């Protein structure tokens, strides 16, 4: 199993909108990809905004490429979601789940 981890810093006035985006658009779309297992959204308030850590779990790197494309580490951030951000990772990190 592979854990895909990605972080962003949302504008404080758009943080709730970003959570809604993840819950109503991103995660439902991921559920339609073979090999997707689950997702979690963690957040914390910081001085400039709200930081999010989005962790998805996948059966394999091959399954991730169905989402991210041939460059599996490339971040997938639609323009309307990017507009909610102060900054965001351009690259995701992948870890093999040991336990």
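Please treat every number below as a calculation from the coordinates, not as lab data. Everything numeric in this text was worked out from a predicted model, so none of it was measured. So basically every Cβ, Gly included, is an ideal-geometry build from the backbone, and we count neighbours across all protein chains shown.
A few remarks follow.
- Scanning the range 36-47 for residues that are part of a loop (DSSP other than H, G, I, E, B) and touching a helix residue (DSSP H, G or I) at 6+ places or on another chain (Cβ under 8 Å) turns up nothing.
- In the range 79-93, residue farthest from the chain's Cα centre (by Cα) [restricted to those that are surrounded by fewer than 17 Cβ atoms within 10 Å (Cβ to Cβ) and farther than 17 Å from residue 15 by Cβ]: 79
- Restricting attention to the range 55-76 and to residues that are in contact (Cβ under 8 Å) with a residue 24 or more places away in the chain and within 13 Å of residue 26 (Cβ to Cβ), the residue that is surrounded by the fewest Cβ atoms within 10 Å (Cβ to Cβ) turns out to be 75.
- Condition check for residue 28 on (1) free of Cβ contacts under 8 Å to residues at least 12 places away in the same chain; (2) touching a strand residue (DSSP E or B) at 6+ places or on another chain (Cβ under 6 Å); (3) in a helix (DSSP H, G or I): one failure, at (2).
- Note on the range 51-84: among residues that are touching a helix residue (DSSP H, G or I) at 6+ places or on another chain (Cβ under 8 Å) and not in a loop (DSSP other than H, G, I, E, B), the one that is farthest from residue 38 (Cα to Cα) is 80.
- Looking across the range 14-28, the residues that are surrounded by fewer than 17 Cβ atoms within 10 Å (Cβ to Cβ) and more than 18 Å from residue 68 (Cα to Cα) come down to 16, 17, 19, 20, 23, 24.
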